[in-house]
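Engineer: Okay, here's the structure, questions in a sec.
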Amino acid sequence: MTTELVIEYCIYFIIIVIGILILCLMRRKNRLPNHHELKTRLEAWRQQLNDLAVLNENKPLSNFDFYKKLSKLLFQLDKLAYQTALMAEKERDMEISEISLILEGVLNALEPYKSGKKQNDGENAALRAASENVVRAIKLTEQILLRDKAYKARKKI
């Protein structure tokens with residue numbers, strides 16, 4: 001009787017530990033980035049966009065290759081826009097909200113090129129314009145980082 005009880009409690013313990021591990025992994029996956037991570041992600045995305053533009057200028061990509069690469073970039077951008085919207089709501093910060101709006105504007109501007117509605121109709125110009133808008137978002141992020149730094153300095157005093 002007691003061995004059955006010990007085995008039953010061990011099984012319960014293992015189930016609880018596995019549940020806690022799953023919850024920890026979910027929390028890590030759904031964590032919002034801090035301001036520095038946001039800037040890093042925006043810069044990385046902009047670099048990938050510039051690489052696509054250069055690749056398309058030097059050797060025009062086939063429709064499928066362009067669609068595949070742009071779809072991947074737009075998925076990442078959609079995730080960034082969503083995360084910045086959540087950050088803006090959580091922190092109640094208008095500058096982060098403006099970054100989110102810029103990213104959504106870039107997403108809306110590039111979406112027709114993904115679906116093939118505007119193929120060979122200024123793809124590279126649209127990619128360059130999107131890159132310039134992301135630079136605006138990066139500059140806003142830098143301003144937020146400077147503001148955070150000044151706040152930390154005031155808080156220490």
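Engineer: Would you confirm whether or not region 61-72 contains a residue that is touching a helix residue (DSSP H, G or I) at 6+ places or on another chain (Cβ under 9 Å), open to solvent by less than 60 Å² (accessible area, probe 1.4 Å), in contact (Cβ under 8 Å) with a residue 60 or more places away in the chain and aromatic (Phe, Trp, Tyr)?
Structural biologist: Among the residues of region 61-72, not one is touching a helix residue (DSSP H, G or I) at 6+ places or on another chain (Cβ under 9 Å), open to solvent by less than 60 Å² (accessible area, probe 1.4 Å), in contact (Cβ under 8 Å) with a residue 60 or more places away in the chain and aromatic (Phe, Trp, Tyr), which makes the answer no.
Engineer: Within region 32-44, can one find any residue that is open to solvent by less than 90 Å² (accessible area, probe 1.4 Å), over 26 Å from LYS152 (Cα atoms), without any contact (Cβ under 8 Å) to a residue 24 or more places away in the chain and over 20 Å from the mean Cα position of the chain (by Cα)?
Structural biologist: No, region 32-44 contains no residue that is open to solvent by less than 90 Å² (accessible area, probe 1.4 Å), over 26 Å from LYS152 (Cα atoms), without any contact (Cβ under 8 Å) to a residue 24 or more places away in the chain and over 20 Å from the mean Cα position of the chain (by Cα).
Engineer: Somewhere in region 95-105, is a residue open to solvent by 80 Å² or more (accessible area, probe 1.4 Å) and in contact (Cβ under 8 Å) with a residue 12 or more places away in the chain? First the steps, then the outcome.
Structural biologist: Start the filter on region 95-105 by keeping residues that are open to solvent by 80 Å² or more (accessible area, probe 1.4 Å), which leaves 98, 101.
After this cut, where a residue has to be in contact (Cβ under 8 Å) with a residue 12 or more places away in the chain as well, the list is 98.
Yes; the residues of region 95-105 include at least one that is open to solvent by 80 Å² or more (accessible area, probe 1.4 Å) and in contact (Cβ under 8 Å) with a residue 12 or more places away in the chain.
Engineer: Let me ask another. Can you say whether ALA126 is among the hydrophobic types (A, V, I, L, M, F, W, C) and modelled with pLDDT under 90, as far as the supplied structure shows? Write out each step before concluding.
Structural biologist: Numbers: among the hydrophobic types (A, V, I, L, M, F, W, C): yes; modelled with pLDDT under 90: yes.
Yes.
Engineer: Can we say LYS79 is assigned to a helix (DSSP H, G or I) and closer than 27 Å to LEU145 by Cβ?
Structural biologist: Numbers: assigned to a helix (DSSP H, G or I): yes; closer than 27 Å to LEU145 by Cβ: yes.
When the stated conditions are applied, LYS79 passes them.
The values are calculated or read from the model by the stated rules, or taken from the named source; none is laboratory data. Note that the structure is a prediction, hence the values are computed from the model and not measured. Reconstructed Cβ throughout: ideal geometry from the backbone, glycine too, with neighbour counts over all protein chains shown. Side chains included, ligands, DNA and RNA excluded: accessible areas come from the protein's heavy atoms. Shrake-Rupley method; radii C 1.70, N 1.55, O 1.52, S 1.80 Å.
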